[in-house]
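Down below is the structure, laid out as structure tokens.
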Amino acid sequence: MTNQPYILVLGASIVDITGFSAVKYRAFNSNPGCVKVSMGGVCRNIAETTARLNVTTRFISALGDDENGRSILEHSKTIGYDMTDSLFLKHCSTPTYMAILDEKGEMVSAIVDMWGADQMDSKFIDEKSHIIENAEYTFLDSDNPVLLEYILKKFKGITKFVLDPISAVKAETIKHLIPYFHTIKPNRFEAEAIVGYPLNSTEALVKASEDILALGVINVFISLDENGIFYANKEHRGIMMARNAKVVNVTGAGDSFVAGLGYGYMNHLTLHDTVKFAIGASLLTISHESTIHPEMCFDKVKEIIKTTEWIDSSF
């Protein structure tokens with residue numbers, strides 16, 4: 001990896017195994033269908049997408065010494081994000097999520113093995129201090145609140161932290177840590193968990209952004225799903241959305257949006273242009289069945305931005 005300015009993503013890599021029943025699902029029975037194996041994890045998805053957007057990216061994660069871990073590591077080399085500072089666990093499996101879906105696509109059962117990810121501790125973080133200290137931005141999720149708090153307090157003011165809360169439940173547990181972040185990107189429900197009141201109007205969104213900015217956060221982005229993105233800092237705020245977006249699979253839309261923020265930040269775009277680029281990355285993602293569009297790149301994002309009809313309100 002070169003000495004270029006970089007963003008750091010720190011969090012879980014997960015192997016997703018999904019079984020799709022081709023017939024009416026019967027419990028306690030072997031059901032014919034198909035099985036799909038893919039690489040996942042919010043932070044891993046963000047790291048891959050930022051790398052595909054030509055942002056110099058380092059990714060610290062936890063990998064087991066199994067075939068899945070080796071595949072993720074080799075894939076990172078192919079795409080171009082640096083995982084060499086990750087935690088490599090002996091005699092341990094790579095974090096795995098296994099789900100079984102019925103004939104309607106509804107989940108009937110799942111097992112998650114996150115033991116490996118939980119082995120990342122404060123001692124390991126201390127060993128990687130130089131990587132965190134030299135990152136322009138550090139992207140985190142709220143999956144491990146205890147370790148998150150340690151990182152935020154240890155490196156406060158040294159790197160700029162960006163948060164994807166992951167879920168409303170997780171957001172509730174880490175809302176006392178919001179002042180440590182440069183940027184937060186919750187959805188509406190996660191934002192409600194953070195501020196403690198419903199966000200059912202534009203006025204409520206404005207109030208929420210003001211309350212969050214008052215804590216010291218620089219930029220706030222609240223996902224409104226099909227209704228776009230509410231964005232705010234102390235100088236600008238608005239709602240931006242794309243009209244008539246092609247939707248194949250919304251999984252990964254949030255991850256690609258966060259990666260788009262990374263591109264905007266590292267290339268010093270304005271807040272408005274950063275939002276549009278991040279939404280463009282999401283639009284490209286949801287137009288394909290995969291969690292990360294296999295042709296994700298700067299040119300494809302700019303193309304979809306150019307051909308999209310935008311609804312853009314500032315206030």
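Values in this text are rule-based calculations from the coordinates and carry no lab data. Predicted model only: the values in this text are computed from it and were never measured. With ideal geometry, Cβ positions are generated from the backbone for all residues, glycine too; neighbour counts draw on all protein chains shown.
Give the relative contact order (percent, whole number) for the chain; include only Cα pairs under 8 Å separated by 6+ residues.
15
Can you list residues from other chains, or at least 5 along the same chain, whose modelled amide H is less than 5 Å from the amide H of Ala62?
Close amide H contacts, sequence-distant or interchain: Ser13, Leu87.
Provide the per-residue ³J(HN,Hα) series for segment 21-37, in order, calculated from phi with Karplus coefficients 6.51, -1.76, 1.60 and θ = phi - 60°, each as a whole number of Hz, with x at glycine and proline positions.
Once rounded to whole Hz, the list reads 6, 8, 10, 4, 5, 10, 5, 6, 8, 7, 9, x, x, 9, 10, 10, 10.
Let me see the P(r) profile for segment 145-296: every Cα-Cα distance counted, bins of 10 Å, each bin given as a percent of all pairs.
11, 41, 37, 11, 0
Can you give the charge dipole size of segment 40-123 about its Cα centre, rounded to the nearest 20 debye, using +1 on the beta carbon of Lys and Arg and -1 on the beta carbon of Asp and Glu?
Rounded to the nearest 20 debye, it is 360 debye.
Listing Leu140, Leu271, Leu205 from the residue with the fewest other Cβ atoms within 10 Å to the one with the most, what is the order?
Leu271, Leu205, Leu140
Can you give the local net charge around Ile166? Use residues other than it whose beta-carbon is closer than 12 angstrom to its beta-carbon, Lys and Arg +1, Asp and Glu -1.
Local charge sum for Ile166: -4.
Among DSSP beta bridges lying fully in the chain, give the percent that are antiparallel, nearest 5.
50
Listed highest first by mean packing, meaning other Cβ atoms within 10 Å per residue, what order do 131-139, 95-103 come in?
Order by mean packing, descending: 131-139, 95-103.
Please list, in order along segment 96-101, the HN-Hα scalar couplings obtained from phi with the Karplus expression 6.51 cos²θ - 1.76 cosθ + 1.60 (θ = phi - 60°), rounded to whole Hz, x for Gly and Pro.
Taking θ as phi minus 60°, the curve returns 9, 10, 10, 10, 10, 10 Hz for segment 96-101.
Where the only charges are on Cβ atoms (+1 Lys, Arg; -1 Asp, Glu), what is the dipole of the chain about its Cα centre, to the nearest 20 debye?
Value, rounded to 20: 300 debye.
Using the Cα centre of segment 1-66 as origin and beta-carbon charges of +1 (Lys, Arg) and -1 (Asp, Glu), tell me which of Leu10, Asn45, Phe20 is placed farthest towards the positive end of the dipole.
Phe20
Based on the mean of other Cβ atoms within 10 Å per residue, sort peptides 113-119, 40-46 so the most packed one is first.
Final packing ranking: 40-46, 113-119.
What percentages, rounded to whole numbers, describe P(r) for segment 46-176 computed over all alpha carbon pairs with 5 Å bin width beginning at zero?
2, 9, 16, 19, 21, 17, 10, 4, 2, 0, 0
So what are the three principal axis dimensions of segment 52-127 from its Cα atoms, in whole Å, longest to shortest?
Sorted from largest, the Cα extents of segment 52-127 read 44, 32, 21 Å.
How big, in percent, is the set of alpha carbon pairs in the chain lying more than 23 Å apart?
57
Aspartates and glutamates near Lys153 by alpha-carbon distance under 18 Å, same-chain residues fewer than 8 away left out - which ones?
The reachable aspartates and glutamates, counting only those whose Cα sits under 18 Å from Lys153, are Asp121, Asp126, Glu127, Glu133, Glu136, Asp141, Asp143, Asp164.
Grab the DSSP H runs of the chain that are 4 residues or longer, score each as -39,500 (n - 2.57), total them, divide by all residues and round the 222 nm result to the nearest 500 deg cm²/dmol.
-10500 deg cm²/dmol
Can you tell me the dipole magnitude for segment 180-245 around its Cα centre, using point charges on the Cβ only (Lys, Arg +1; Asp, Glu -1), in Debye to the nearest 20?
Here segment 180-245 has a charge dipole of around 160 debye.
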